[in-house]
Amino acid sequence: MRQFERFPNLVTMFFTRARQGGDKPFLWRKVEAEWQPISWAETARQVAAVAEGLKRLGLKRGDRVMLVSENRPEWCIADLGIMAAGCVTVPTYITNTERDHLHILENSGAAAVIVSTEKLARTLLPAVLRSNDARHVIAMEPLRIQQAGTIAFHDWSSLVATEADLATVEAGADFAREDIACIIYTSGTGGAPRGVPQHHGAILHNVNGCIRVIAEDFGWDDEVFLSFLPLSHAYEHTGGQHFPIGLGAQIYYAEGLDKLASNIEETRPTIMVVVPRLFEVLRARIVKNIEKQGGIAPGLLRRAEALGAKQLAGGLRAWDKPADLLLERIFRPKIRQRFGGRMKAMVSGGAPLNPEIGVFFHSLGLTLLQGYGQTEAGPVISCNRPSAGLKMDTVGPPLAETEVRIADDGEILVRGELVMHGYWHNAAETARALKDGWLHTGDIGHLDQKGRIVITDRKKDLIVNDKGDNVSPQKVEGMLTLQPEILQAMVYGDRRPYLVGLIVPDPEWSTEWAIANDYKCDFAALSDNPMFKAALMAAVDRVNKDLSVIEKVRRIVIADAPFAIDNEQLTPSMKIRRHVLKDVYGARLDALYKG
């Protein structure tokens, strides 16, 4: 089996892979309907040019450089160039407000900023001008600057066009695994984002652990990734960039979520890093398309799901094999083809995955691995793998060289090179999170008999009702959003006698309901329609049948609009911001207990 080398830092890992890759394609983007590659060798040349250019601007080892860009080849080149210069990358979300940018600029003390587009610069530049430390702005695309003030503006194309001595840059990358590679600000579900310094060793530890899963369970070949989750998030930064670099893989940059399905068919990835919400959307689309086909297709889907659940629960019996072979010949290949036809594994992380979703994709012949992690741990802590036995209500065994133990109160604790050394300029939070070398994750769970981690909930997200019973909101919300009528949901009921719910109706279902019942497709009007609300409550009651008494959702409020990043009701990693939703809907939810 091919082994992963031990590298001193991420820059050395990249230059090693670039020498091995040479003129083979590495980074792909779509230009005028055609996918165009940048080779490993050309990427290395540009990385070296960026590193030398940053040094010429006066940046020194340890200086922070903010990176604000959508996913594109330049993101990877900028990140590696910043690190090759001895500086520290500070990735930020393209959805950040001016206030968010200013907080990160001030907190990190970033000396320079790299931004991709004029549109993103409109929100960023006012924050840069108000910040105390930023001196340089490097733009990937031309900016219309009316007045520069104290900020020096530079052109990306000029930066990467300059000649640089590749050998000198590589030799200068003498950083240790303990040195900081980047500071990633956690999106969080409440409060100001905290800076998490990730050292080179933390990310390399993750890369090594993830490569071992691929090499041992699937075989390490010529891998292809499709990158679409935000690279400013630790999950994609490690899993969608440095992990493929470690594998010597190709990376395609998706055109956007709206074109993701066609991009998957075109690029035919072997590994995809995804979030649960995408699986929920894909499942709904697959089910809807199969139901529209009619004929035997819906029956084949139901049979496949039944066999998939049976296989995961303990294996198929002899009398199940003929049906399974039939599905493998006439049904599953068509589904796999829509995912490119050579998918080894889709790895879900960033939020809890409903086990039913995992069973669904497994039944279609697609391997779905749920991972678990936190920005404070590289971020990958564990991952399901076939060799450990796929069980969809676990997040698999810890990665290699990762210690996990369960505290007396059920909290999951983690120790190893993957764990951060402390939050950036935040001693109080560091003392709370790190104790005796153990990262206190804030997650509640246990280890099963095979050493797989089972997460039951977040400490801070547990709902404690008026009788002292603990309820897992994420479990109930996950079940609600599996219903075709419900797009998003939040349950509510701390110190209350029962749970109530905030529901976002599925827009397609809402439209179909309005047409079928001869109403205008006006979402605001439908929200006040008693029949519409009753239809949604019927969906909730279907879920209630499978819940315990304390978990049942008794009443609902219909949300004014979907939860979104733009209205700050979702984090960039698609987790709901409970405190924001409670601020907006708290009075209406409280009123449900008065009637």
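Hey, among the residues in the stretch 261-292 that are outside any helix (DSSP H, G or I) and closer than 19 Å to MET574 by Cβ, which one's modelled with the lowest pLDDT? Selected residue: VAL275. So, in the stretch 249-263, of the ones that are among the hydroxyl-bearing types (Ser, Thr, Tyr) and surrounded by 17 or more Cβ atoms within 10 Å (Cβ to Cβ), which residue ends up nearest to ASN71 (Cα to Cα)? The extreme case among them is TYR253. Restricting the stretch 554-581 to residues that are among the polar types (S, T, N, Q) and surrounded by 18 or more Cβ atoms within 10 Å (Cβ to Cβ) leaves a set whose member that is farthest from ASN465 (Cα to Cα) is SER573. With respect to the stated conditions, SER39 is in contact with a strand residue (DSSP E or B) (Cβ under 8 Å, 6 or more places away or on another chain), without any contact (Cβ under 8 Å) to a residue 24 or more places away in the chain, of a type outside the set (Asp, Glu) and assigned by TED's automatic domain parsing to the domain that holds VAL115.
Just one of the listed residues (LEU502, LEU482) is assigned to a loop (DSSP other than H, G, I, E, B) and under 19 Å from ALA535 (Cβ atoms), namely LEU482. Whether a residue is surrounded by 16 or more Cβ atoms within 10 Å (Cβ to Cβ), in a loop (DSSP other than H, G, I, E, B) and touching a helix residue (DSSP H, G or I) at 6+ places or on another chain (Cβ under 9 Å) was assessed, and PHE532 does not pass this test. What tally of residues in the stretch 338-379 results from selecting those that are of a type in the set (Ser, Thr, Tyr) and either under 29 Å from MET420 (Cβ atoms) or not assigned by TED's automatic domain parsing to the domain that holds GLU403 (or both)? Within the stretch 338-379, residues that are of a type in the set (Ser, Thr, Tyr) and either under 29 Å from MET420 (Cβ atoms) or not assigned by TED's automatic domain parsing to the domain that holds GLU403 (or both) number 3. Restricting the stretch 502-527 to residues that are of a type in the set (A, V, I, L, M) and at pLDDT below 95, the residue that is nearest to VAL540 (Cα to Cα) is LEU526. Annotation: of all residues in the stretch 542-553 being in contact with a strand residue (DSSP E or B) (Cβ under 8 Å, 6 or more places away or on another chain) and not in a loop (DSSP other than H, G, I, E, B), the one that is surrounded by the most Cβ atoms within 10 Å (Cβ to Cβ) is VAL553.
For the stretch 454-465, taking the residues that are assigned to a strand (DSSP E or B) and of a type outside the set (A, V, I, L, M, F, W, C), the one that is modelled with the lowest pLDDT is identified as ARG458. When the stretch 63-89 is filtered for residues that are closer than 21 Å to GLU118 by Cα, part of a helix (DSSP H, G or I) and among the aliphatic types (A, V, I, L, M), the ones remaining, listed by number, are ILE77, ALA78.
Screening the candidates GLU356, GLU401, GLU376 for the property of being out of contact with any Cys (no Cβ under 6 Å at 6 or more places or on another chain), surrounded by 23 or more Cβ atoms within 10 Å (Cβ to Cβ) and among the acidic types (Asp, Glu) yields one hit, GLU376.
Counting residues that are under 18 Å from PHE243 (Cα atoms) and modelled with pLDDT of 95 or more, which strands (runs of 3 or more DSSP E) fully inside the stretch 373-436 reach at least 3? Here the list reads 380-383. Only one entry in GLY468, GLY451, GLY445 is assigned by TED's automatic domain parsing to the domain that holds VAL395 and either part of a loop (DSSP other than H, G, I, E, B) or surrounded by fewer than 14 Cβ atoms within 10 Å (Cβ to Cβ) (or both), namely GLY451. For the stretch 554-595, the tally of residues that are in a loop (DSSP other than H, G, I, E, B) and among the charged types (D, E, K, R) stands at 6. For the stretch 543-570, give me each residue that is more than 30 Å from THR92 (Cα to Cα) and either free of Cβ contacts under 8 Å to residues at least 40 places away in the same chain or of a type in the set (Lys, Arg) (or both). ASN544, LYS545, SER548, VAL549, LYS552, ARG554, ARG555, listed by residue number.
Of the candidates LYS24, LYS30, the single residue that is more than 25 Å from the chain's Cα centre (by Cα) and either more than 15 Å from ARG72 (Cα to Cα) or assigned by TED's automatic domain parsing to the domain that holds SER157 (or both) is LYS24.
Residue-level analysis places VAL557 outside the set of residues that are within 30 Å of GLN374 (Cα to Cα) and modelled with pLDDT of 90 or more.
Would you check if SER573 is closer than 21 Å to MET479 by Cα, in contact (Cβ under 8 Å) with a residue 40 or more places away in the chain and among the polar types (S, T, N, Q)? Spelling it out, SER573 is indeed closer than 21 Å to MET479 by Cα, in contact (Cβ under 8 Å) with a residue 40 or more places away in the chain and among the polar types (S, T, N, Q). Got a number for residues in the stretch 196-215 being out of contact with any Leu (no Cβ under 6 Å at 6 or more places or on another chain) and among the small types (Gly, Ala, Ser)? The total comes to 2.
Could you tell me whether ILE211 is β-branched (Val, Ile, Thr) and under 18 Å from the mean Cα position of the chain (by Cα)? It is false that ILE211 is β-branched (Val, Ile, Thr) and under 18 Å from the mean Cα position of the chain (by Cα). Kindly establish whether ARG342 is part of a loop (DSSP other than H, G, I, E, B) and of a type in the set (Lys, Arg). Yes. The residue pairs whose first member lies in the stretch 264-277 and is crowded, with 20+ Cβ neighbours inside 10 Å, whose second member is assigned to a helix (DSSP H, G or I) and modelled with pLDDT of 95 or more, and whose beta carbons are closer than 6 Å, counting only pairs six or more residues apart or on different chains, are VAL273/GLY239; VAL273/GLY240. Of all the numbered requirements in (1) at pLDDT 90 or above; (2) part of a loop (DSSP other than H, G, I, E, B), VAL347 misses one, and that requirement is (2). Could you check the stretch 122-137 and list, in sequence order, the residues that are surrounded by 22 or more Cβ atoms within 10 Å (Cβ to Cβ) and in contact (Cβ under 8 Å) with a residue 40 or more places away in the chain? Those that are surrounded by 22 or more Cβ atoms within 10 Å (Cβ to Cβ) and in contact (Cβ under 8 Å) with a residue 40 or more places away in the chain: LEU124, ALA134.
The values are calculated or read from the model by the stated rules, or taken from the named source; none is laboratory data. The shown structure was predicted, so the numbers you read here are calculated from the model rather than taken from an experiment. Please note: Cβ atoms are built from the backbone with ideal geometry, for glycine as well, and neighbour counts cover all protein chains shown.
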